[in-house]
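One structure is given below, encoded as structure tokens.
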Amino acid sequence: MNIMTVTLTTEAPAAHWGKADVTYQGSLATIHLSGSDELRQVQMAARKIRTQGINYVQLDGGLWNLHSQWAFAQGFATAKAGYQVDWCGSDADKETLNQRAVATQFARKLINDTPEDLSPLALANQAASWLKNIGGDHVSFNIIEGQELLEKKWVGIHAVGRGSERPPALLELDFNPLGADAPVSVALVGKGITFDSGGYSLKSTEGMLTMKCDMGGAATVTAALGLAINSGLNKRVKLFLCCAENLVSGRAFKLGDILTYKNGTTVEVVNTDAEGRLVLADGLQAASETGAGLIIDAATLTGAAVMAVGSNYNAIFSPQTATLQLAQKSAAAVSENVWPLPLDPWHKDMCPSAYADTANSRPVKGGGAGGASNAAGFLWRFVSPQANWLHVDLAAAFEPSASALWAAGATTHGVLTIAELLKD
């Protein structure tokens, strides 16, 4: 196997290289750092090296640190296997980087998997099995599927998933290293739409092509919990994955349907492509029932969030300023990007219905102005008033095509932030 050694320098390249930020000499590649935003430069350089057909690199030299090595790894990663990055530096940094790599590789594979191979039950089972393998006897779980969802009053997951021949499912998982009566510190909720056709509000071909990524929230919170456990997490955390395929059939839910949720809230369906918030409403109620002091949900929820913050940030929402500040602090600690968007009490009422307490969207393209905040306002209806709550709209979780920073496919941006939040 041919290995390329990669080093960092703050020196400009020799004149004959012009303005190149990566130079080569035999099996040595040198990244030339200049100005600010060095992590972005490193990630972009890693993409350039990877596109040269180089699959195996050894990082070397005194300028590498934990953050720059991780930035390189993110730029070097692709949806296809068969690549490797060898770390340098302290044993502690290497261990941290290895733990991150294991977690994000799990999330990346799930998100990039084909929708045919990753059914709702497959997603729930793979997430549970992976966490059980990490957490051992501290992990227990239960999967509620198909018609049983209605019996348990999880009407949103059932409605969205009933159009598919493959049943919807809710994964309830408990990581408890403290004992049976320990309080739940954090509850995690992930949107697990394994494929989103849009339902009867049918997406275009272009819009549907990448919808295997619509379970990115489920993959993100699962990977974050696994990373935190591997890092020595010593608090009780419950995980809820809301898994379904949103397909068209004679059994599929329809525009004009009204869902009555477990907490009594009635919801008119005015857009079957606004299905993520319908399944998350169940997950947030289940999370609230645990009494957790902090509830975190993650979802590839709205195109409006991408329009607001771009694809290099995840949008965050919370009614509590302190929770937003904690999320920003946690993201900064692991060099990920989040940006808070507005969430006020009146956002709960921005999707009005003449027939129910609320609609699941507004009957206009993209949900209308402020769509990401309106979606967060909808979700707020299903969160316990006693809990601190963070909603993460994963605008940066997936790249439909390769960019200067990322290969096409899952980025796993957000895994480290949520894992860091679990530690606090």
Consider A223 carefully, then state whether it is of a type in the set (G, A, S), within 18 Å of H138 (Cα to Cα) and either assigned to a strand (DSSP E or B) or touching a residue at least 40 places away in the same chain (Cβ under 8 Å) (or both).
yes
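Specify which of the listed residues (S204, S185) is hydroxyl-bearing (S, T, Y) and more than 24 Å from N314 (Cα to Cα).
Of the residues listed, the single one that is hydroxyl-bearing (S, T, Y) and more than 24 Å from N314 (Cα to Cα) is S204.
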Taking region 203-248, which residues are open to solvent by 10 Å² or more (accessible area, probe 1.4 Å) and of a type in the set (V, I, T)?
T205, T210, I229, V248
Taking region 173-202 and keeping residues open to solvent by less than 50 Å² (accessible area, probe 1.4 Å), of a type outside the set (A, V, I, L, M, F, W, C) and either under 25 Å from K365 (Cα atoms) or under 18 Å from the mean Cα position of the chain (by Cα) (or both) leaves G190, K191, G192, T194, D196, S197, G198, G199, S201
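Here's the yes/no breakdown for (1) in contact with a strand residue (DSSP E or B) (Cβ under 7 Å, 6 or more places away or on another chain); (2) assigned to a loop (DSSP other than H, G, I, E, B); (3) not acidic (D, E):
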position	(1), (2), (3)
A356	yes, yes, yes
S361	no, yes, yes
A372	yes, no, yes
A376	yes, no, yes
F382	no, yes, yes
H391	yes, no, yes
A395	yes, yes, yes
Report, by residue number, each residue of region 59-82 that is under 21 Å from K109 (Cβ atoms), part of a helix (DSSP H, G or I), open to solvent by 10 Å² or more (accessible area, probe 1.4 Å) and without any contact (Cβ under 8 Å) to a residue 60 or more places away in the chain.
A73
Would you be able to say whether some residue in region 62-84 is over 27 Å from the mean Cα position of the chain (by Cα) and not hydrophobic (A, V, I, L, M, F, W, C)?
yes
Residue tally, condition open to solvent by 10 Å² or more (accessible area, probe 1.4 Å) and either touching a residue at least 60 places away in the same chain (Cβ under 8 Å) or in contact with a helix residue (DSSP H, G or I) (Cβ under 7 Å, 6 or more places away or on another chain) (or both), over region 110-121
6
On the basis of being at pLDDT 95 or above, charged (D, E, K, R), outside any loop (DSSP other than H, G, I, E, B) and over 17 Å from V85 (Cα atoms), does R47 make the cut?
no
Based on this model, can you work out whether L259 counts as at pLDDT 95 or above and touching a strand residue (DSSP E or B) at 6+ places or on another chain (Cβ under 7 Å)?
yes
Of the residues A292, A322, A308, which single one is more than 19 Å from the chain's Cα centre (by Cα), in contact (Cβ under 8 Å) with a residue 24 or more places away in the chain and open to solvent by 50 Å² or more (accessible area, probe 1.4 Å)?
A322
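Residues checked against (1) open to solvent by 10 Å² or more (accessible area, probe 1.4 Å); (2) more than 30 Å from R40 (Cβ to Cβ); (3) touching a Phe, Trp or Tyr at 6+ places or on another chain (Cβ under 8 Å):
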residue: N337; (1), (2), (3): yes, no, yes
residue: R362; (1), (2), (3): yes, yes, no
residue: L379; (1), (2), (3): no, yes, no
residue: Q386; (1), (2), (3): yes, yes, no
residue: D393; (1), (2), (3): no, no, yes
residue: E399; (1), (2), (3): yes, no, yes
residue: H413; (1), (2), (3): yes, no, no
Leading residue by the ranking (farthest from N337 (Cα to Cα)) among those in region 255-276 that are charged (D, E, K, R) and either open to solvent by less than 20 Å² (accessible area, probe 1.4 Å) or assigned to a strand (DSSP E or B) (or both)
E268
Among the candidates G283, G291, residue that is more than 19 Å from E151 (Cα to Cα), modelled with pLDDT of 95 or more and either touching a strand residue (DSSP E or B) at 6+ places or on another chain (Cβ under 9 Å) or not basic (K, R) (or both):
G291
Kindly provide the set of residues from region 243-267 that are in contact with a Leu (Cβ under 8 Å, 6 or more places away or on another chain) and more than 21 Å from A169 (Cβ to Cβ), ordered by number.
T266
Among K153, K94, which is the only one that is under 25 Å from T412 (Cα atoms) and surrounded by fewer than 16 Cβ atoms within 10 Å (Cβ to Cβ)?
K94
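The values are calculated or read from the model by the stated rules, or taken from the named source; none is laboratory data. A quick note: this is a predicted structure, and the numbers were derived from the prediction, not measured. Note: ideal-geometry Cβ built from the backbone for every residue, glycine included; neighbour counts use all protein chains shown. For the accessible areas, the whole protein counts, side chains as well, though only heavy atoms, and no ligand, DNA or RNA atoms are used. Shrake-Rupley method; radii C 1.70, N 1.55, O 1.52, S 1.80 Å.
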